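Notes to accompany the following structure.
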């Protein structure tokens, strides 16, 4: 059967997974059954994708990331090197909790920095930016910038990944894209270009 994706010869791809056109799977990755990987994804060295995981299109997964059952990533998500997802809130080696996996949804365009940890059951909003090494213990709003352990919000980010500075009217402009943003009632809206 002809594949329309690239897999390095050392990658292991189990039966029953779906991999989109143009995706690349690199050295020593393991793609488990019943997961879905979208088109044009890039999965780095030592990446593990567990059963029932769903990755949208153009998801970038850097080296040494394990994505466990219960995680869904929308299109254009970036997962930095060695970042960590969990899927059980109270793991014990001697207690089987496979029926207690908590879900984590990562919204479109979100970035999770290197060595960050996402505690399961907390969603990441679209275009949110999780700083390197952050430990996320609660839901992150769309466009939020969070850093630290435990992660705390310190600002807002544009879709291009630049920190936004809002004026007294709650308006900001991305320095790279010139897109306009509105902050109202604790939520950011991308108004596009004028």
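All of the numbers you see were taken from the coordinates with simple rules; none came from a lab. The shown structure was predicted, so the numbers you read here are calculated from the model rather than taken from an experiment. Cβ atoms come from the backbone with ideal geometry, glycine included; neighbour counts cover every protein chain shown.
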Note to self: Along the Cα→Cβ direction, 7 angstrom out, place labels at residue 178 and residue 132. What is the inter-label distance in nm?
What the structure shows: 3.2
Margin query: I'd like the projected area of the range 68-131, averaged over all directions, using the convex hull of its alpha carbons. Report it in nm² with one decimal.
Written below: 4.2
Notebook entry, point to check: Hey, what's the per residue convex hull volume over the C-alpha atoms of the chain, in cubic angstrom?
Noted result: 123
Item checked: Normalised contact order of the chain, rounded percent, pairs of Cα under 8 Å and 6 or more residues apart -> 10
Margin query: Under the 0.36 nm per residue contour assumption, what length would be gained going from the current alpha-carbon distance of residue 10 and residue 30 to full extension?
Written below: 6.3 nm
Notebook entry, point to check: Considering only DSSP beta bridges whose two residues both sit in the chain, what percent are antiparallel, to the nearest 5?
Noted result: 30
